[in-house]
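Please read the structure below before turning to the comments.
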Amino acid sequence: MLGALKLAIISEGVNSWPFYVAQSKSLFAREGIEADITLTGSSARQLDAEGFMSLGSTAEYFPTYPGPIAAARRSWAREHGHELLSFIRAMRAAHGWLTDRRNRNEAVQVLCARLDTDPVQAAAAFDAFAERPQPQITAAGLRQVIETVWEAEGFRRPRRAPENYMDLSYLARAEKFG
């Protein structure tokens, strides 16, 4: 084993599906990584039960935002480059598995087991997920997040360019040498 990763997932939705698949299909283990995934959950179900309505999804309000991403400090990435590349390959394999319609029934079972959700909803979620392209972090998407955070938090310090916060070199290496 290369090492162990501990992941905490706040979202309990379909966006976290690749993490569950990578774990349940042993894609992390195949890459030599022991992954401990903790679902911290959200209050979405509680809010639904109390009669609150959704005003929209992240995809509707932030179309350039890729959704869930995994991030690491540059210092950690430099020290654990091999593990990081292995993690990226496992996540890419999970996404590939999830977008293969032959895996629909098993994917629905994985989602239902992890989220205690209705199979009909999980099947609809699979269909929607399988139609989306693989998430890609872009400067435009990150810029939108930065602007939203600055506005919401009332930060006065100057905004830095998205390139100051993202280093896609490990992703490029994982894709090149997959």
Single residue of Pro158, Pro133, Pro119 found to be over 15 Å from Ile69 (Cα atoms) and surrounded by fewer than 12 Cβ atoms within 10 Å (Cβ to Cβ): Pro158
Being over 25 Å from Tyr61 (Cα atoms) and out of contact with any Lys or Arg (no Cβ under 6 Å at 6 or more places or on another chain): is that true of His95 here? no
Please specify each residue of region 91-118 satisfying the condition of being more than 21 Å from Leu171 (Cβ to Cβ) and modelled with pLDDT of 90 or more. Asp100, Arg101, Arg102, Asn103, Arg104, Asn105, Glu106, Ala107, Val108, Gln109
Options Arg157, Arg89, Arg102; residue that is over 21 Å from Ala35 (Cβ atoms), part of a helix (DSSP H, G or I) and not hydrophobic (A, V, I, L, M, F, W, C): Arg102
Considering only region 133-154, state which residues are free of Cβ contacts under 8 Å to residues at least 24 places away in the same chain and outside any helix (DSSP H, G or I). Pro133, Gly154
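The values are calculated or read from the model by the stated rules, or taken from the named source; none is laboratory data. Not measured: the values here are computed from a predicted model. Counting neighbours? That spans all protein chains shown, and the Cβs are built from the backbone with ideal geometry, glycine included.
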